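Down below is the structure, laid out as structure tokens.
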Amino acid sequence: MVDLFIWLSSFFILVALLVILVFQLICLADLEFDYINPYDSSSRINKVVLPEFILQGFLCLFYLLTGHWVMSLLCAPYLYYNVTLYTRKQHLVDVTEIFNLLHWEKKQRICKLVYVVVLIFFAIFWMIYTALEDVDD
Amino acid sequence: MGTENPGRPSFPMRPSSTPFASAPPTVRPFSSSGPLAGSESSNFRPTSPGAPPTMTPFSAAGPSPPARFSDPSVPSPPIKPVPPFGMPYHQFPTHPFPSAAQIPPNRAPPVGQPPFQPPATQVSVPPPSFRQQTQVPLVPMGSPPQNANFPLPSMNVPQPPSDSSLSGPRPNFQPPFPGYPNKQPAVSQAPPPFPAQQGSFMPPPAPPSPFPSQQGSYGPPPRQSLTEDFSSLSVASVPGSIDPAFDHRTLPRPLDGDEVPSSFLEMYPMNCDPRYLRLTTSAIPNSQSLLSRWHLPLGAVVCPLAEAPEGEEVPVINFTSTGIIRCRRCRTYVNPYVTFTDAGRKWRCNICSLLNDVPGEYFANLDATGRRIDLDQRPELIKGSVEFVAPTEYMVRPPMPPLYFFLIDVSISAVRSGMIEVVAQTIRSCLDELPGFPRTQIGFITYDSTIHFYNMKANLDDIFVPLPDDLLVNLSESRNVVETFLDSLPSMFQDNVNVESAFGPALKAAFMVMSQLGGKLLIFQNSLPSLGVGRLKLRGDDLRVYGTDKEHILRLPEDPFYKQMAADLTKYQIGINIYAFSDKYTDIASLGTLAKYTGGQVYYYPSFQSGIHGEKLRHELARDLTRETAWEAVMRIRCGKGIRFTTYHGNFMLRSTDLLALPAVDCDKAYAMQLSLEETLLTTQTVYFQVALLYTASCGERRIRVHTAAAPVVTDLGEMYRQADTGAIVSLFCRLAIERTLTSKLEDARNSLQLRIVKALREYRNLYAVQHRLGTRMIYPESLKFLCLYGLALSKSVPLKGGYADAQLDERCAAGFTMMALPVKKLLKLLYPSLIRIDEYLLKPSAEADDDFKNIMKRLPLVAECLDSRGLYIYDDGFRFVIWFGRMLSPDIAKNLLGSDFAAELSRVILTEQDNEMSRRLMKI
């Protein structure tokens, strides 16, 4: 039962990550089509960048502490990437260069998005698997 | 490459060097040879082939290029040593031949004989250009030293006068055909081989003049057409040649300054003047595959406010009744290329082809040819550049007044260097000429470790707290207060011993004061910001970092505060100009960011001393304050369907994908952009470009300046090269290379620049080399003859040259920011400054002197040989004058110029008599 709860909460964390990434992508797309100006766009994105990083780090730690080290390992590359960005101070969007970097910023977030979606599938799989096991028991 | 010409390898280098280096080998237009060869020498050619494979040269070049570029001079040296003719060959490694060396093995074979043995002598002859094959035979001069020979050769040669001569010599060497000694040269055409190689890199050929011969040379008609296609350059590698013999004058040099391609204008007379908009090639490729074979950048350089000569000002049009006529869909402004149809009731947009209605008030009947009958009264339908007065729809607020705000560092170093005094005096003297009287606003803040505000209100009766309103005042109302303040400013701080600099907080204070209106903020910074927000560390320039992956970080702003601040400033229409004076490291990389993203400029005076640099500061500050400025501007460039501007380069901030925000623009700012094709195949015959700059003029009127240009779409790569514009290409390359230095090593930036030039020339060569049997020489289109020279100059310019020891980090960054904003003409002048000999001129009586002032102003090639130790020269790159006193300069002149104590070289004491001339020249900048 505890296990099921763990999978459930990790599922919600992943969905939250997904939402944050989609939000950032929407901001970038709006910027590209000139619906919002670069100042608003970058300040909106920058506001959620740190929460995203923290949430992801928390998720990784959460898996590790609850003994799901395979999932933790799966999260590790993402975490590593975030940490490198942060230490290089490249994690925030640069309002002055945002148009030149637009392409790269989008690509980076789409990759993350795909990554998160894959993780969600794993989480759902384990969740259902655990639930069925619980029922069996 | 080297291979073929064994010897050659070195040459290549030379070429490059040539520009500078005096000696370089001669260049020769290939033309001459080419043709000739054909004629007589068929045989010969073969020889040449031996020489090498032409192609190689390029390729080789590719590889080698670096070297060449980098050190032109270097190569040559080797050569020099070489003895005269014989030598030429010597160079070639191969030669075993002791004596002559002449014949390089390779060649030899073809030739057959080693002509040279006698080398020296014979040699001489050949030189003459091939053209002559005729004959000149050579003169056997005995080959005296090469020099001698050369001359002869030239003589011999009939047609090819000078050029040939140079080239000539070498040729000789090679071919050495047995029999013909003389001819050989010609035949050899071979010369080409060498030449070619060298040529390739070489600096481009010089101006046309040299070439003339080339073309001429072609005898056969067919060739003529060839000539039109391109020019070629071949340098002989004669060993000895280098020396005297070598006539550097044959190298193309841009002595006439920038040449703007004119064929384009003739084709589309209604285009805007090239001073406003220049395309890197006036022939747009019709497909992506064609574009990928054009290895140079495809794009445009726009200088929207370029100064127009008297009588060619941009007409101002006021569409009060109808509103500005624009296309409904793409928002293009009405321009000379729109077509009217349906008896004048509709007009078709030239950019998106949409049919628009003509507003009633704008209607005019069409004549039989489909032209509007009122065409004469409609400048917007005749001229490529017009200005529309913008109605209120184009304003988000009332037009702002011109506003100048000064942020002056008054710490101890500023006081000691005399900077404050010069600045205060200059500002005071410019008060009358500030644009926009009587609306101009002005304000001051000074700072050291504290920030000082100055209440400028004329009426001090009821003052309580400093309100922003009091810090920023109307100049005409508070004129007296401002003048008094400026008069007392230098003395106010003369005893200041504060060494700190609260730059960041002062900047924020200025931002708050100005945020209501926007305007121009001039910052005079004397030391590294050390207090408060935005303080910077002494990162310094570190030798160990060069050559590593971290090298570029030094050239990036350290603190994100600066980028964020720049973005905010732009948002509030504040443009920043930075004046930096420190003798120590000031982190221009960070400070300059402010100017970069606000459309400003960086002026850097290392170790400022008012006695030495005061004049330069005065001049530049005065120009900055008094030139016509456009406020709160935005610029957009539109282009036809199928193509799109993708990247923008310069000092500005992008507000949306294609909208440049420019808080303050003036005539000294240009912006570059690159084009890409969106469709695989363009079906239209012509593409149109329209630059629109929406701005507030100093007089308070909101205006839209529109420049329209058309360019043909072509299917032929050769046409693209023919229509290329070297100035625009160099300008774009310069910006790309400087941006590259911000993300990678200096060396990478230089290499990629060279690689692109080499690739482009190789592509061009592939187009023509085979069909015209050009053998080994380098060929290049007439339009790009200076490209190699400028490419070389660019990689030796301050932002790109060398490594740690070659330029201080601050200077590098400051020059980088400056070059990112320069218009084409000024950039070319900076890269290839003019050198003028003035001693003869100064000695003439003044009346006569006035007459041939023009003659004297002839630019000399920048080679060491041009400097005569008895002469007096002025070297002018648009930013500074260097006056070069020859060692043997007559004492009279020196005394007159410098005053009796001319030991003190820096003192600029100039006799009044000469002063006129000198100052006149100064004014020419």
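Read-outs throughout are calculated quantities, based only on the coordinates presented, and are distinct from any laboratory measurement. Only a predicted model underlies this, so the values are computations on that prediction, with no experimental measurement involved. Cβ sites come from the backbone with ideal geometry, for glycine too, and all protein chains shown count toward neighbours.
When the C-alpha to C-alpha distance is required to be over 25 Å, the pairs from B:759/B:785; B:801/B:826; B:508/B:745; B:584/B:829 that qualify are B:508/B:745; B:584/B:829. Per residue of peptide A:32-39, the mean number of Cβ atoms on other chains within 10 Å of the residue Cβ is 4. Charge dipole (Cα centre; +1 on Lys/Arg Cβ, -1 on Asp/Glu Cβ; no other charges) of the range B:403-627 amounts to roughly 640 debye.
When the trypsin sites (Lys or Arg not before Pro) in the range A:37-137 are filtered for DSSP coil states and for at most 15 other beta-carbon atoms within 10 Å of their beta-carbon, the remaining sites are A:88, A:89.
Listed peptides B:489-496, B:693-700 appear in the order B:693-700, B:489-496 once ranked by packing, highest mean of other Cβ atoms within 10 Å at the front. Legend: mean number of C-beta atoms from other chains within 10 angstrom of residue C-beta atoms, peptide B:560-568, equals 3.
Scoring B:591-600, A:126-135, B:350-359, B:328-337 by mean Cβ neighbours within 10 Å over their residues and listing the highest first yields B:591-600, B:328-337, B:350-359, A:126-135. Going by Cα centres, the range A:84-105 and the range B:725-766 are how many Å apart? Centre-to-centre distance over Cα atoms comes out at 26 Å.
Peptide A:91-103 has a mean shielding of 4, counted as Cβ atoms of other protein chains within 10 Å of each residue's Cβ. Between residue A:22 and residue A:86, the modelled labels are 2.5 nm apart [label points 7 Å from Cα along Cα→Cβ].
Protection proxy ranking for B:658-664, B:543-549, using the average of other Cβ atoms within 10 Å per residue and placing the highest first: B:658-664, B:543-549. For the range B:740-745, the Karplus equation 6.51 cos²θ - 1.76 cosθ + 1.60, evaluated at θ = phi - 60°, returns couplings of 5, 5, 7, 10, 8, 6 Hz by residue, with Gly and Pro reported as x.
Across the alpha-carbon atoms of the range B:322-382, the computed radius of gyration and Dmax are 10.5, 29 angstrom.
Between the alpha-carbon centres of the range B:670-708 and the range B:372-391 there is a gap of 17 Å.
Only Cα sites of the range B:403-627 enter the Debye sum here, all with the same form factor; the resulting log10 I(q)/I(0) across q = 0.12, 0.17 1/Å is -0.62, -1.27, listed in q order. Applying a threshold of 32 Å to the alpha-carbon distances of A:107/B:537; A:107/B:669; B:520/B:825 flags A:107/B:537; A:107/B:669 as lying beyond it.
How large is the dipole of the range A:1-134 about the Cα centre if only Lys and Arg carry +1 and Asp and Glu carry -1, each at its Cβ, rounded to the nearest 20 debye? Using Cβ point charges on Lys, Arg, Asp and Glu, the range A:1-134 gives about 300 debye. Taken as entire DSSP H runs, the helices of chain A that both span 30 Å or more between Cα atoms along their own long axis and average 1.6 or more on the Kyte-Doolittle scale are A:2-32. In the calculated pair distance distribution of the range B:733-835, what percentage of Cα-Cα distances lie above 19 Å? Result: 48 percent of Cα pairs exceed 19 Å. For residue B:714, the residues 5 or more places off, or on other chains, whose built amide H falls under 5 Å of its own are B:284, B:286.
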